[in-house]
1. Filtering the stretch 218-232 down to residues that are under 26 Å from the mean Cα position of the chain (by Cα) and among the small types (Gly, Ala, Ser), which residue is surrounded by the most Cβ atoms within 10 Å (Cβ to Cβ)?
2. Hey, among the residues in the stretch 140-159 that are touching a Gly at 6+ places or on another chain (Cβ under 9 Å) and buried (at least 23 other Cβ atoms within 10 Å of the Cβ), which one's farthest from Gly326 (Cα to Cα)?
3. In the stretch 286-314, what residues are modelled with pLDDT under 90 and under 22 Å from Val148 (Cβ atoms)?
4. Tell me which residues, restricted to the stretch 289-334, are assigned to a loop (DSSP other than H, G, I, E, B), touching a residue at least 60 places away in the same chain (Cβ under 8 Å) and more than 21 Å from Gly99 (Cβ to Cβ).
5. Go through the residues of the stretch 275-287 one by one and say whether even a single one is of a type in the set (Lys, Arg), free of Cβ contacts under 8 Å to residues at least 40 places away in the same chain and part of a helix (DSSP H, G or I).
6. Only residues that are surrounded by fewer than 22 Cβ atoms within 10 Å (Cβ to Cβ) and in contact (Cβ under 8 Å) with a residue 40 or more places away in the chain: list them for the stretch 83-98, please.
7. When you go through Ala164, Ala115, Ala122 one by one, which is the residue that is assigned by TED's automatic domain parsing to the domain that holds Arg254 and either more than 21 Å from Gln263 (Cβ to Cβ) or in contact with a helix residue (DSSP H, G or I) (Cβ under 9 Å, 6 or more places away or on another chain) (or both)?
Amino acid sequence: MTALYVVLAVVVVVALVAVAVVRARRRALPAAPAAPAPLPEVLVTEATAIPALAPEPGLAERLAASRGVFDRVRGLGAGRLDEDQLGLVEEVLLRSDVGLATTTEVLARLRADGAPEGVASAVRDMLLSGFDTERALREAAEPGRVPVWLFVGVNGVGKTTSIAKLAQRLIDEGKSVLLAAGDTFRAAAADQLEAWATRTGSEIVRAAEGADPGSVVHDAIGRAKARGVDIVLADTAGRRPNSANLLDELAKVRRVADREPGQVVETLLVLDATTGQNALSQAREFLAAAAVTGIVLTKLDGTARGGVVVAIERELAIPVKFVGVGEGVHDLVPFDPEAFVDSLLGA
């Protein structure tokens, strides 16, 4: 009997424990969530229009400073011009830096022929007649050689930034690009170009400050050849210590870049449009040493001297291939003579 009582006692204890566990679990369960309150009724009586994005400014807006110089010419009517009107045209053309030769030619034709369809139209046609050179960029080299674009120009004209913007343009077209930091005499030049290489996704070859620029360009071409890179964009020095001659150095760099496996297909002189006729003086110094094939004219949107484009092409017989019309990476655009002249003299 004693054993039976023990068994019954154990059964009772186990049962009591089981009941306690069940009750504890039930207390631990979260309470059922209350039913959500009904949403308020909203009646929309009028839809709000989504504001439109502001359109990109056109070329005439970007070149507003230069366009403003031609305001008085656009205000002249058709027919023969008197001396006061011819003097006004002369003043406007010289202020815009189209150059003395172009100004003299325009005035002579206006005296002889007048302006049957308006002075602005006559001046437009005469300015356009000075743009007749081929301005396409060469991107292909001979079979087995690496095409090289060599960039020259004094410090401060926007050379390094122009290289970066053209690198971005080539990459957007699906090409691979390698940058050569050949300006080894300016402490920040290679750093600036490397920052742009990172931003644009380009490769870069650089060396220590003061290294031989020609060796940097040579190494860049060798790497481009080994890796199958489509094109090399090579920076060069914009200044030299007084003990050396900048132009001699540029001529040397060009010879190095033009040796196999490289081939210089473009030598682009970068000029600052805000310097006006001084840009012409700079250009003449570079032409012979670097065998310039085209001009990149920066900061055209920030000057009233936009007519210098006309002077450059007329007096140097070198095509302007790109112009800078803003700070953005896509604001270095191919130069279109008709669009440019229309931005100055169009309605």
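The values are calculated or read from the model by the stated rules, or taken from the named source; none is laboratory data. Please read these numbers as outputs of a predicted model, since none were measured by experiment. Cβ: placed from backbone, ideal geometry, glycine included. Neighbour counts: every protein chain shown.
1. Among them, the one singled out is Ala220.
2. Only one residue tops the list, namely Val146.
3. Those that are modelled with pLDDT under 90 and under 22 Å from Val148 (Cβ atoms): Phe286, Leu287, Ala288, Ala289, Ala290, Ala291.
4. Passing the criteria: Thr293, Val325, Gly326, Val329, His330, Asp331.
5. Checked against the condition, which is being of a type in the set (Lys, Arg), free of Cβ contacts under 8 Å to residues at least 40 places away in the same chain and part of a helix (DSSP H, G or I), the stretch 275-287 yields at least one hit.
6. Arg95
7. One residue alone meets the criteria, Ala164.
To keep it simple, each residue is scored yes or no on (1) closer than 23 Å to Gly302 by Cβ; (2) surrounded by 15 or more Cβ atoms within 10 Å (Cβ to Cβ); (3) outside the structural domain of Val232 (by TED's automatic domain parsing).
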position	(1), (2), (3)
Arg138	no, no, yes
Leu178	no, yes, no
Ala181	no, yes, no
Phe185	no, yes, no
Thr198	no, no, no
Val216	no, yes, no
